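The values are calculated or read from the model by the stated rules, or taken from the named source; none is laboratory data. Just so it is clear, the structure is predicted and the values come from calculations on it, not from any experiment. Here Cβ is always computed from backbone atoms with ideal geometry, including for glycine, and neighbour counts include all displayed protein chains.
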Amino acid sequence: MTERQLTRLSADEMARGLAAKEFTSVEVTQASLDRIASVDGDIHAFLHVDPEGALATAADVDDRRSNGEQLAHLAGVPIAVKDVLATKGMVTTCGSKILDGWIPPYDATVTAKIKAAGLPILGKTNMDEFAMGSSTEHSAYGPTRNPWDRTRIPGGSGGGSAAAVAAFEAPLAIGTDTGGSIRQPGALTGTVGVKPTYGGVSRYGLVAMASSLDQAGPVTRTVLDAALLHVLMGGHDPMDSTSIPAAVPGVVAAARRADVKGLRIGVVTELGGEGFQPGVRARFDEAVELLTGAGAEVVEVSIPSLEHALAAYYLILPSEASSNLAKFDAMRYGVRVAPAGVDDPSAEQVMASSRDAGFGDEVKRRIILGTYALSSGYYDAYYGSAQKVRTLLARDFAAAFEGVDVLVSPTSPTTAYPLGDKLDDPLAMYLGDVATIPANLVGIPGLSLPVGLADEDGLPVGLQFLAPQQADDRLYNAAAALERLLEDKWGAPMIARAPELEAAR
Ligand code: GLN
């Protein structure tokens, strides 16, 4: 097989080919590395590539396979990891200057699990600094470009992981989602992104932004691949006190079942009206029609408290972030920058100058906002009120799920916008998270599936499925069914329409 053929395989196809000894892990890993070498100069999905490490893992898996060892299904399939997850011995920056060159002495649980299963780690992917942003433009190391149109953003904060998968640089990637950072880049790059139920995947070794919202999950090109990776990453971890002491729901079986006959689907009234691009709305409506045609019962569901979700999120998140990021003080963690022109500076002065030099504008903005919201005079008015909205939302979602099995909405109100478009207007960027953040506030799982290209700009549109806590399998069942219906309609997966990057160079 050629490099092109190998890099276009889904992870499941690759796993089967490896098991059947049609090719080796060294061959597929080298094909990914070659692809990265040829396109990543333009895309900038990776902050760090590790050819030696990836090839060593691949060779080891190949040896073990030829010795007849029983291996994990995805053993030998290369993967990219968002730079917010600790990788022992491999640089981890969180897209920030303050962690420039930091080499973790330990693995995140998720990293340890993929290593134990024998997945070669290609490298670390670009992200908005500390996962704050929706465009990957807040990375201290420069933005990632959308493979569908390199003048546009790939979404964020996990734009690197999504772009790597969309550009066929990696068949699999890991992302993290605090308010949409897996699902929104998935929608904008035509890839599948899943935020599992809160507590379904360990947060140990995931550098925290907002601990009550953060969750790692799969970034892939097919629903089945996401399910396979989800099972591998997830499950109980005693190292994370918020980890659910239960097995991952049967997501792989659900992705294979792919049957929506009799499934009750609720279209969320509040997520799809004003502010949603016509092309996004059109592809969404068509997808819902396909589901109806396949026997799903579709109804409209109103969740009134959604009106306040965005405001609550942008108080709770900065509050938690301001506290989590206090550790980057140049004493315990982070680069140390001495204040200019001060002889014999105090510890406080060194902390201040280090944080000033090490953090970017968006991070500073959120630290200031969070510190203010938590301050004694304003705590009740801001943080306290936001927490009440969170409770209200949880109640409203629970009520909605009494009548339907899954909820659907467009993942993002718009397709990918031009680089620089919203960089100087934080509120405009925040508004793009309106459909994704509710799942994080409520702890429920969400999946974004590509459902076509918008007529006005030819760019990918995503549809989001939401399910109750620990019913992640429902997402996979419904999304795999829709994926199949769309593929039948188009005669090929949507990702096959992604531009050939070499040709455009
Ligand atoms: N875009 C959202 C934010 O800026 C979500 C980020 C995320 O999920 N990490 O907070």
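Observations, loosely collected:
- Taking the stretch 406-474 and the strands (runs of 3 or more DSSP E) fully enclosed by it, the elements with 2 or more residues that are closer than 27 Å to Glu362 by Cα and not aromatic (Phe, Trp, Tyr) are at 446-453, 460-466.
- Residues of the stretch 111-123 include none that is within 16 Å of the ligand (Cβ to nearest atom), within 14 Å of His48 (Cα to Cα) and either basic (Lys, Arg) or in contact with a His (Cβ under 9 Å, 6 or more places away or on another chain) (or both).
- Residues of the stretch 422-442 that are more than 14 Å from the ligand (Cβ to nearest atom) and in contact (Cβ under 8 Å) with a residue 40 or more places away in the chain: Val442 alone.
- Residue satisfying all of: in the stretch 124-145; in a loop (DSSP other than H, G, I, E, B) and away from the ligand (no atom under 14 Å from the Cβ); surrounded by the fewest Cβ atoms within 10 Å (Cβ to Cβ) among these: Gly142
- Gly452 vs. criteria crowded, with 18+ Cβ neighbours inside 10 Å and not aliphatic (A, V, I, L, M): yes
- Qualifying residue in the stretch 271-290 (condition: at pLDDT 95 or above and under 23 Å from Leu119 (Cα atoms)): no
- Every residue from the stretch 95-146 that is touching a Leu at 6+ places or on another chain (Cβ under 8 Å) and among the basic types (Lys, Arg): Lys113, Lys124, Arg145
- Filtering the stretch 349-405 to residues that are aromatic (Phe, Trp, Tyr), at pLDDT below 95 and outside any helix (DSSP H, G or I) leaves Tyr378, Tyr379.
- The stretch 297-345, subset in a loop (DSSP other than H, G, I, E, B) and under 28 Å from the mean Cα position of the chain (by Cα), residue nearest to the ligand (Cβ to nearest atom): Phe328
- Pairs with Cβ under 8 Å, 6+ apart, first in the stretch 401-413 and without any contact (Cβ under 8 Å) to a residue 40 or more places away in the chain and farther than 19 Å from Gly432 by Cα, second part of a loop (DSSP other than H, G, I, E, B) and small (Gly, Ala, Ser): none
- Subset of the stretch 134-158 [within 9 Å of the chain's Cα centre (by Cα) and without any contact (Cβ under 8 Å) to a residue 60 or more places away in the chain]: Gly156
- For the stretch 92-115, filtering for residues that are within 20 Å of the chain's Cα centre (by Cα) and in a loop (DSSP other than H, G, I, E, B) leaves 7.
- Residue in the stretch 476-488 that is part of a strand (DSSP E or B), polar (S, T, N, Q), away from the ligand (no atom under 13 Å from the Cβ) and touching a helix residue (DSSP H, G or I) at 6+ places or on another chain (Cβ under 8 Å) present: no
- Scanning the stretch 339-364 for residues being exposed (fewer than 14 other Cβ atoms within 10 Å of the Cβ) and small (Gly, Ala, Ser) gives a total of 4.
- Among the residues of this structure, Gln470 counts as one that is surrounded by fewer than 24 Cβ atoms within 10 Å (Cβ to Cβ) and modelled with pLDDT of 95 or more.
- In summary, strands (runs of 3 or more DSSP E) completely within the stretch 156-225 and bearing 3 or more residues that are away from the ligand (no atom under 12 Å from the Cβ) occur at 172-176, 216-220.
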